[in-house]
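Written below as structure tokens is the structure these notes are about.
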């Protein structure tokens, strides 16, 4: 609870706290400044790029949700962002979610593939070639969300 800080006389800055909002984790307040010490060094090579891409799309999904709330016309891309935001909250931010980092990275790629074309990810092509699932299921997921916009 950031509004009621607990005094810490150890001299260390507390890390690893999670912000909660509406029963789910809030990734924007929970991001750690220590992540650069392990991401991509101890973890899988795609960790940094997948983390940044997921947060970027989630921020865009929040913007699309605001546009929707203000009755703006939404593009097909906005609808895909909304789908991504919903999947992101359920699969990654719900309090009951528990998975290994490896599984979270794989699920991140699958979630991105369900909502976006590989070219929209703005990631290193070598990582896309290695990890982006080119399955029929991800193509159908994108087609379904595109139809919702029409």
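Based on the convex hull around the alpha carbon atoms, region 43-148 presents an average projected area of 6.9 nm². Per-residue packing, averaged as other Cβ atoms within 10 Å, sorts the ranges 54-63, 88-97 into the order 54-63, 88-97, beginning with the highest. Each Cα pair under 8 Å and six or more residues apart adds its separation to the average, and for region 43-148 the resulting relative contact order is 32 percent. The stretch between residue 130 and residue 43, if pulled fully straight at 0.36 nm per residue, gains 29.7 nm over its current Cα-Cα span. Note on 128, 42: ascending count of other Cβ atoms within 10 Å places them as 42, 128, the fewest first.
Values in this text are rule-based calculations from the coordinates and carry no lab data. The structure displayed is predicted, hence computed values, not measured ones. Glycine gets a Cβ as well: all are built from the backbone with ideal geometry, and neighbour counts include every protein chain shown.
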